[in-house]
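These notes are about the structure you will find just below.
The values are calculated or read from the model by the stated rules, or taken from the named source; none is laboratory data. Predicted, not measured: the structure shown is a model, and the values here were computed from it. So basically every Cβ, Gly included, is an ideal-geometry build from the backbone, and we count neighbours across all protein chains shown.
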Amino acid sequence: MSENNLYWFAVYTRPRWEKKVVKLLNEKGIENYCPLNKVVKQWSDRKKVVLEPIFKSYIFVRVTEEDKWDLKKINGILNFVYWLGSGSGRIIKTWENNWSRIYNHCFCSCSC
């Protein structure tokens, strides 16, 4: 598969299924990105640090234009995010040059 034919698409997931969908995508070898944030949750008897998705019910997936429709067969993925009638892949394509910088900042340079 050529790197030039891969596009980033934003997909809408079932509520609170972001991590489950990421696991399914990883098992299938599909590149994805779901930025997580460490949050301290407090219950009556304890505090716990949990990882929550920054974008609730959204995941970014990198696939070819032809393979994008197979994503809807994955349990938990409901639809693609559309903007003005076109798929998100075209919009995210413009961000792709800065994507690795954002990705590395979120996962590598955080002090959290």
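Listed values, structure above:
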{"read-out": "From Phe55, Phe60, Phe9, residue being at pLDDT below 95 and in a loop (DSSP other than H, G, I, E, B)", "value": "Phe55"}
{"read-out": "Selection from the range 31-51 of residues that are over 22 Å from the mean Cα position of the chain (by Cα) and assigned to a loop (DSSP other than H, G, I, E, B)", "value": "Trp43, Ser44, Asp45, Arg46"}
{"read-out": "Complete set of residues in the range 55-84 that are without any contact (Cβ under 8 Å) to a residue 60 or more places away in the chain, hydroxyl-bearing (Ser, Thr, Tyr) and farther than 26 Å from Val39 by Cβ", "value": "Tyr82"}
